[in-house]
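Working notes, beginning with the structure itself.
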Amino acid sequence: MSTVNSFGAKSTLSVGDADYEIYRLDAVSGFEKLPYSLKVLLENLLRTEDGANITKAHIEALGSWDPQSEPNTEIQFTPARVVMQDFTGVPCIVDLATMREAVVDLGGDPRKINPLSPAELVIDHSVIADVFGTADSLERNVDIEYQRNGERYQFLRWGQTAFEDFKVVPPGTGIVHQVNIEYLARVTYTREVDGAVQAYPDTLVGTDSHTTMVNGLGVLGWGVGGIEAEAAMLGQPVSMLIPKVVGFKLSGDIPSGVTATDVVLTITEMLRQHGVVGKFVEFYGSGVAAVPLANRATIGNMSPEFGSTAAIFPIDDVTLEYLRLTGRDEKQIKLVEAYSKEQGLWHDPSQEPQYSEYLELDLSTVVPSIAGPKRPQDRIRLTEAKSQFEQDLHNYATVEHDLVDLEVSESFPASDPPSNTPEDAHNEHHHTHRSHAPHSVSKPTDVTMNDGEAFTIDHGAVAIAAITSCTNTSNPSVMLAAGLLARNAAKKGLKSKPWVKTTLAPGSKVVTDYYEKSGLTADLEALGFYTVGYGCTTCIGNSGPLEDEISAAVNDSDLAVTAVLSGNRNFEGRINPDVKMNYLASPPLVIAYALAGSMSFDFESDPLGTDQDGNDVFLKDIWPDPAEVQKTIDSSISSDMFAHEYSSVFDGDERWRSLPTPTGATFEWDAESTYVRKPPYFDGMILDITPVSDISGARVLAKLGDSVTTDHISPAGSIKADSPAGRYLTEHGVSRKDFNSYGSRRGNHEVMIRGTFANIRLRNQLLEDVEGGFTRDFTQADGPQAAIYDASQNYQAAGTPLVIFAGKEYGSGSSRDWAAKGTSLLGVHAVIAESFERIHRSNLIGMGVIPLQFPAGETTASLGLDGTEIVSISGIEALNDGSTPSTVHVTAEPSEHSPEGKRTIEFDATVRIDTPGEADYYRNGGILQYVLRSLVA
């Protein structure tokens, strides 16, 4: 990218014997009043100013930021790197591999196609806790993982060797966000540019919502969908509005008996009530220095749960101490300190930046808490947990649930609070239609296991107790507290209840190292908490099945059983299909609930059991003393552990190294693969841009209402046998038990197209009282009902372009890449909506689909559009001149399927191509084609 330096900001910073080129923030008037996070964005704009997409005006707008103004200035953010997890990362690498073949077809060198910004992928979403409670649980689960995912892993291993600036952390290593804070994050990034070594803030986007965990290190980044991640990998900026920034002041000290999890659940509740969607949250004040780095990371991790884009802590001595603990190079640590102080990025509690809004939490007021039974923000004081459960039980114990099986691994970006997802819409649907049960809903059910063990379970039985997910498994204070609680419980002779599925999934192997060194592994295993894998497991729905006898009892008696997990997501239907109520809790409380065996339990008055002398044992008797937790941290964690575990982090185990892996610059696609297939994005592409054309004779594939989310559009969850995707897999010899999920098959466009617009809750207004992925097929004489995919195939065979009509906030929700990719591959050329969610609008352009907006105040209803029309759009060809028209003209003529007497409807639609870069993508047919032509040229 050619750069402009309007502010004369380029300078030299010397650290030790090294010189670094930097872009000085003090060259911009007003920078000193900016919050930390906006200073990071300001440096980003200064360094990438090109006079077109990033201009002097953008930089001045950020320098003169008004904290009270509504966000209205769009800027282009260029992250330093991209981090991915395996579910969402596979399609990105599939597209890169396909670009390499397209380069060959265009007469170029395939080796030219590499990530232009460094990209790292951590395989952490695929391991499932099938086996638990035994010493070989980890080995057996990893074996099963390789059997299920061998094709995908071979492909990623090829990518690891074929692409420059792309690294893969193999399975069985850790959770992406923990690996990020413990190893991948640089805090201050360096890169050679035109012969000089530049230093600048480490920034990133990630294909998982909890990318924000790295905000705890002072690294600005957040979760995005696959298309934005691909764009960033290929050196393209991410479009965003200059956000509001909420200042969150921390004061006081955490009381004895309170954990970092309790703090983060309190903050989640506060920020969700305040409303921070689309905003940055920034922690400041004298209390910041007292927050350990692991606690900062735990707080940053939960940013998607409060709905903010980021939740960041500034850089200070605590940051440097953590970098030393985790084995970072001393030269790097000195650079972080020098650069941060030189640029005004070092935390000075005496200097208070300006914020848009203010909140404060006195940490001494936090009490032990859990959250549930279906949302992370629904905090419950532990002392009120039993009574609250008994109130909530009436909503679950009497109504049969037909839960949506949802994909659980995609990112929630800032604009997408979990409360806007179909999961919660579905929950509200159930609450609206529930009648309260009688006061007594007890339903004791006898269970006899295969080994003859017999017991009784009831509503509220804890069926799953899982120490899981990135939120807490990176935090030694809560992980060691869990181990010490287990030790104290084991000494008293306590056991987990036999109906509880107990699992431990550390976020990295360092956790196992410090458990071993502290001698706590045996204590955890004594209560059934054996390591089942290094990955997200239960928190993303990979809890694995309950034991057959327990599952049968739960379903036969329609019991409302519970899961308690140390994760960040607890939506209905997410954790396990047999479990209706899910609660978030700290790791030590997860173990406490495994001992209790029921949510209908008061830890203050109900004993967990009796000791060897017959005395009642209460939670307070085994809860570890904070001083003991700190002493254990100090004696069992060292920087040597991090240096050892991460010295060979990209090498993998024998399974990984022995995978039969294709070699060569281009991938050898397997024609029989149902997981990884070459997509058709570049079929027939030539080096010269084909002029964009107006649309004529189009039919409406779907007419949709307001708030259609990307979850409605994008393939998600399990694959049904009678769906187009299910039929495709069956035809390709895949048995139903091996269908796996749409998420695992994201590298196969044939499966994904068939699942686009197939959500069972989608309402296409071309049909009356029909839910699901159906439409009217106007290629047939009477326009019969058909699967959207099947109709699309008929339209494409007939050469008929397609359009979509929609209402307000089209494409809100998770920024799923396949919501745009699938739309494009179904043959949709334009989406005409009342308004768009920003990221999905950009994604449509990135896939060559033009987003158009109805005239202000107009809707399909007010214009009289019913979806039976033949649609033509003129004025698009003006883009060929290098300019972007503000409007295009839409003509909707009645067809043979329209009601009698229907007239032609005409209107001017607003073109929602909002930046010069987006216009370039659209002219090229999409972002991938744009980059490909740029690289070949």
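Worth pointing out:
- Check on Thr521, on the phi < 0 side of the Ramachandran plot, hydroxyl-bearing (Ser, Thr, Tyr) and not assigned by TED's automatic domain parsing to the domain that holds Asn180: yes
- Any chance Val224 is of a type in the set (A, V, I, L, M), in contact with a Gly (Cβ under 6 Å, 6 or more places away or on another chain) and under 16 Å from Glu120 (Cα atoms): no
- Candidates Ile333, Ile267, Ile254, filtered to the one that is outside any loop (DSSP other than H, G, I, E, B), touching a residue at least 24 places away in the same chain (Cβ under 8 Å), more than 30 Å from Leu932 (Cα to Cα) and of a type in the set (A, V, I, L, M, F, W, C): Ile267
- Evaluating Ser350 against the criteria (1) without any contact (Cβ under 8 Å) to a residue 24 or more places away in the chain; (2) polar (S, T, N, Q); (3) in contact with a Pro (Cβ under 9 Å, 6 or more places away or on another chain) leaves one unmet condition, (3).
- The strands (runs of 3 or more DSSP E) falling completely within segment 62-124 that include 2 or more residues that are in contact (Cβ under 8 Å) with a residue 40 or more places away in the chain and buried (at least 24 other Cβ atoms within 10 Å of the Cβ) map to 81-85, 119-122.
- Residue match in segment 133-156 (condition: among the hydroxyl-bearing types (Ser, Thr, Tyr), farther than 26 Å from Glu321 by Cβ, touching a residue at least 24 places away in the same chain (Cβ under 8 Å) and assigned to a loop (DSSP other than H, G, I, E, B)): yes
- Counting only residues that are among the β-branched types (Val, Ile, Thr), assigned to a strand (DSSP E or B) and either surrounded by 24 or more Cβ atoms within 10 Å (Cβ to Cβ) or touching a Lys or Arg at 6+ places or on another chain (Cβ under 7 Å) (or both), segment 455-469 holds 4 of them.
- Within segment 336-349, considering residues that are in contact with a Ser or Thr (Cβ under 7 Å, 6 or more places away or on another chain) and either outside the structural domain of Ala294 (by TED's automatic domain parsing) or not in a helix (DSSP H, G or I) (or both), the one modelled with the highest pLDDT: Trp346
- The criterion of being under 21 Å from the mean Cα position of the chain (by Cα) and closer than 23 Å to Thr468 by Cα does not hold for Met233.
- Tabulated pairs, segment 633-653, first over 17 Å from Asn475 (Cβ atoms), second among the basic types (Lys, Arg) and not in a helix (DSSP H, G or I), C-beta under 6 angstrom, 6+ apart or interchain: Phe650/Lys167
- Residues in segment 25-56 that are within 28 Å of Ser308 (Cα to Cα) and in a loop (DSSP other than H, G, I, E, B): Val28, Ser29, Gly30, Leu34, Pro35, Glu49, Asn53, Ile54, Thr55.
- Within segment 277-329, the residues that satisfy the criterion of being of a type in the set (Asp, Glu) and either within 22 Å of the chain's Cα centre (by Cα) or assigned to a helix (DSSP H, G or I) (or both) are Glu282, Glu305, Asp317, Glu321.
- Residue in segment 619-628 that is buried (at least 19 other Cβ atoms within 10 Å of the Cβ), at pLDDT below 95 and on the phi < 0 side of the Ramachandran plot present: no
- Residue in segment 214-222 that is touching an Asp or Glu at 6+ places or on another chain (Cβ under 6 Å), buried (at least 22 other Cβ atoms within 10 Å of the Cβ) and assigned to a helix (DSSP H, G or I) present: no
- Screening segment 764-808 for residues that are outside any loop (DSSP other than H, G, I, E, B) and of a type in the set (Ser, Thr, Tyr) and picking the one that is nearest to Ser723 (Cα to Cα) gives Tyr789.
- Residue selected from segment 121-145 under the condition of a type in the set (Ser, Thr, Tyr) and in contact with a Ser or Thr (Cβ under 9 Å, 6 or more places away or on another chain), by the criterion farthest from Ile93 (Cα to Cα): Ser137
- Residue match in segment 837-846 (condition: surrounded by fewer than 18 Cβ atoms within 10 Å (Cβ to Cβ) and over 24 Å from Thr800 (Cβ atoms)): no
- Verdict on Ala585 being crowded, with 20+ Cβ neighbours inside 10 Å and under 21 Å from Ser477 (Cα atoms): yes
- Here Ala830, Ala892, Ala861, Ala820 are screened, and the one residue that is part of a strand (DSSP E or B), among the aliphatic types (A, V, I, L, M) and closer than 21 Å to Arg763 by Cα is Ala830.
- Among the candidates Gly535, Gly544, the residue that is under 15 Å from Ile128 (Cβ atoms), surrounded by fewer than 24 Cβ atoms within 10 Å (Cβ to Cβ) and either among the aromatic types (Phe, Trp, Tyr) or in contact with an Asp or Glu (Cβ under 7 Å, 6 or more places away or on another chain) (or both) is uniquely Gly544.
- Residue within segment 864-872 that is out of contact with any helix residue (DSSP H, G or I) (no Cβ under 8 Å at 6 or more places or on another chain) and free of Cβ contacts under 8 Å to residues at least 60 places away in the same chain present: yes
- Candidate set from segment 807-829 (those that are surrounded by fewer than 24 Cβ atoms within 10 Å (Cβ to Cβ) and either charged (D, E, K, R) or closer than 21 Å to Asp908 by Cα (or both)); member that is modelled with the lowest pLDDT: Glu809
The values are calculated or read from the model by the stated rules, or taken from the named source; none is laboratory data. None of the values given here were measured: they were computed from a predicted structure. Virtual Cβ from ideal backbone geometry, glycine too; neighbours counted across all protein chains shown.
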